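Colleague: Have a look at this one.
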Amino acid sequence: MPITLSPLTPADLPAYADLYEASFPPAERKPLDSMLTGDKASAFELLVISTPTRRVAGLCITVRHGDLVMLDYFAVSPDLRGRGIGRAALPLIRERYAGSRFFLEIEAPPPVDPRDKCPNPAQRIARKGFYTSAGMVSTGIRAFVYDSDMELWAFPEDAARLTFDDYAALLAATFPATMRPERL
């Protein structure tokens, strides 16, 4: 299915907000307003994944710090999942940030850190399988942050170019002080 990736427009916002709220639990969401107009808004880019029949088929939210770009949120509408939209979108997202070191975080399946209570092991395994099938690889970097054991993943060309310190710097520059990673 052909897809496109484009910046969020005001007309997209209601459907985008609905998908964002349906896809991420309240404890994992940052206020959309803060990403659009807050004091760190310039670090965020909110993108719409579209198909020929639906303008907001998915969403992508990235955060940039220097040459680092982290995929912070990524979701496809529940009724469109399993059709290859997410897998097709990832290379487009990577292409958008050519020349940058592009990566994402996933909750580790299973967690190593005992502080991570892991309420969603099946979802964590499925998410890791999805990113693997899309050509991404583990960077070998793990951190405890957001009360979870997290792994950093990237496309192979970026994986060896990422460090824990780079990741920590991105979080320090763009997120509240409560979101500081501890190296695992």
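The values are calculated or read from the model by the stated rules, or taken from the named source; none is laboratory data. Since the model is a prediction, treat every value here as computed from it, not as a measurement. Heads up, the Cβs are rebuilt from the backbone with ideal geometry, glycines too, and the neighbour counts pull from every protein chain shown.
Colleague: Which of the residues that make up the range 109-127 are farther than 22 Å from R81 by Cα and surrounded by 11 or more Cβ atoms within 10 Å (Cβ to Cβ)?
Modeller: Hits for the range 109-127 are P110, P111, V112, D113, D116, C118.
Colleague: Please verify whether the range 97-104 includes one or more residues that are small (G, A, S), on the phi > 0 side of the Ramachandran plot and over 17 Å from the mean Cα position of the chain (by Cα). Spell out how you get there, then give the answer.
Modeller: Kept after step one, since they are small (G, A, S), are these residues of the range 97-104: 98-100.
Now narrow it down to the ones that are on the phi > 0 side of the Ramachandran plot: 99.
Imposing the further condition that a residue be over 17 Å from the mean Cα position of the chain (by Cα) reduces the set to 99.
Scanning the range 97-104 turns up at least one residue that is small (G, A, S), on the phi > 0 side of the Ramachandran plot and over 17 Å from the mean Cα position of the chain (by Cα).
Colleague: Are any residues in the range 24-55 in contact with a Pro (Cβ under 8 Å, 6 or more places away or on another chain) and crowded, with 16+ Cβ neighbours inside 10 Å, and if so, which ones?
Modeller: Matches in the range 24-55: E45, L46, L47, V48, T51.
Colleague: Let me ask you something else. Got at least one residue in the range 114-126 being under 12 Å from the mean Cα position of the chain (by Cα) and either assigned to a loop (DSSP other than H, G, I, E, B) or under 25 Å from G38 (Cβ atoms) (or both)?
Modeller: no
Colleague: Across the range 127-167, which residue is farthest from M70 (Cα to Cα) among those that are part of a loop (DSSP other than H, G, I, E, B) and of a type outside the set (G, A, S)?
Modeller: Checking each candidate, the answer is D147.
Colleague: Let me ask something else about it. Quick one: count up the residues across the range 102-144 that are among the hydrophobic types (A, V, I, L, M, F, W, C) and in contact with a strand residue (DSSP E or B) (Cβ under 7 Å, 6 or more places away or on another chain).
Modeller: Looking only at the range 102-144, we keep the residues that are among the hydrophobic types (A, V, I, L, M, F, W, C), and these are 102-104, 106, 108, 112, 118, 122, 125-126, 130, 134, 136-137, 141, 143-144.
Cutting the leftovers down to in contact with a strand residue (DSSP E or B) (Cβ under 7 Å, 6 or more places away or on another chain) gives us 102-104, 106, 108, 112, 136-137, 141, 143-144.
Within the range 102-144, residues that are among the hydrophobic types (A, V, I, L, M, F, W, C) and in contact with a strand residue (DSSP E or B) (Cβ under 7 Å, 6 or more places away or on another chain) number 11.
Colleague: While we're looking at this one, here's another question. Would you mind telling me which numbered condition in (1) free of Cβ contacts under 8 Å to residues at least 60 places away in the same chain; (2) touching an Asp or Glu at 6+ places or on another chain (Cβ under 7 Å); (3) aromatic (F, W, Y) Y73 fails?
Modeller: It fails just one condition, (2).
Colleague: Sticking with this structure for a sec: So for the range 95-102 (the condition being closer than 20 Å to Y73 by Cβ and loosely packed, with under 13 Cβ neighbours inside 10 Å), does at least one residue qualify?
Modeller: yes
Colleague: Now a separate question. From V137, V145, which residue is within 27 Å of T37 (Cβ to Cβ) and either surrounded by fewer than 19 Cβ atoms within 10 Å (Cβ to Cβ) or of a type outside the set (S, T, Y) (or both)?
Modeller: V145
Colleague: Now, a different point. Could you please let me know if S23 is more than 20 Å from L171 (Cβ to Cβ), at pLDDT below 95 and under 16 Å from the mean Cα position of the chain (by Cα)?
Modeller: Answer is yes for this residue.
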